[in-house]
Amino acid sequence: MGACSFSNRGRGKDMYDAYKKLCDQAEEEYGHQEGYNGTISTTNGPRDLTKEYRQSKLSLSQFINNTMDRLGKRDCVGICVQEPVLNKNKIKTVVKNEVQKGTRKWELMYVVYDYDQCIGAYPTKTDAIKKAREYTESTQRTTTINVEKCSPTPSRVAKIEYKRSDKEAPGEYVFFGYAAE
């Protein structure tokens, strides 16, 4: 299999966020083709050369041309061309409470976990063990069962939303290198 050069621009909260978005777009458009689609998604992740680029005093195209000679198959280089503006607010979220009418009824449930991820809640210990064993046998991952008070009819009591800053903006990044094809 060969390699082809690529150059992409992306935006994100940081370089790795922008890289991930570009990889997702490339796979959506070209498929994964077992790791050989000729796009940024076939690289091993970006190596940040922003500091080296700024110290070089070269234009972006000159820096890219000089750097391509040092890269191999699946190498990807990233350069930040516009720094992200981060949210500097002291409080970055908004809580929206949702009032529930009436009384709540609580039941003891047996809750199956894979580490901190809830797999399911069951009314009897026997049901919980059965589901936990099925899950562990299919994934080979250890599960635990906790007894917890749960509402049989879950109802949302609050919603927490991210509160953007007026000045917040994603950064802009240039990625280049050789993709596997």
Extreme residue, farthest from GLU27 (Cα to Cα), among residues of region 52-78 that are assigned to a loop (DSSP other than H, G, I, E, B), in contact (Cβ under 8 Å) with a residue 24 or more places away in the chain and not aliphatic (A, V, I, L, M): GLY72
How about region 1-40: which of its residues are over 14 Å from PHE176 (Cβ atoms) and hydroxyl-bearing (Ser, Thr, Tyr)? TYR16, TYR30, TYR36
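Here is a yes/no grid of residues against (1) loosely packed, with under 13 Cβ neighbours inside 10 Å; (2) among the aromatic types (Phe, Trp, Tyr); (3) closer than 23 Å to LYS149 by Cα:
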| position | (1), (2), (3) |
| --- | --- |
| LEU60 | no, no, no |
| ASP69 | yes, no, no |
| VAL77 | no, no, no |
| TRP106 | yes, yes, yes |
| VAL112 | no, no, yes |
| TYR115 | yes, yes, yes |
| ALA128 | no, no, yes |
| ARG133 | yes, no, yes |
| THR136 | no, no, no |
For region 86-99, indicate whether the set of residues that are surrounded by 13 or more Cβ atoms within 10 Å (Cβ to Cβ), aliphatic (A, V, I, L, M), within 30 Å of THR39 (Cβ to Cβ) and touching a residue at least 24 places away in the same chain (Cβ under 8 Å) is non-empty. yes
Would you pick out the residues in region 9-38 that are at negative phi, over 19 Å from the mean Cα position of the chain (by Cα) and touching a residue at least 60 places away in the same chain (Cβ under 8 Å)? TYR36, ASN37
Criterion (surrounded by fewer than 13 Cβ atoms within 10 Å (Cβ to Cβ) and either over 31 Å from the mean Cα position of the chain (by Cα) or modelled with pLDDT of 90 or more (or both)) met by exactly one of GLU168, GLU83: GLU83
Would you pick out the residues in region 28-51 that are surrounded by 14 or more Cβ atoms within 10 Å (Cβ to Cβ), modelled with pLDDT of 85 or more and in a helix (DSSP H, G or I)? ILE40, SER41, THR42, THR50
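The values are calculated or read from the model by the stated rules, or taken from the named source; none is laboratory data. From a predicted model like this one, the values you see are computed outputs, not experimental measurements. So basically every Cβ, Gly included, is an ideal-geometry build from the backbone, and we count neighbours across all protein chains shown.
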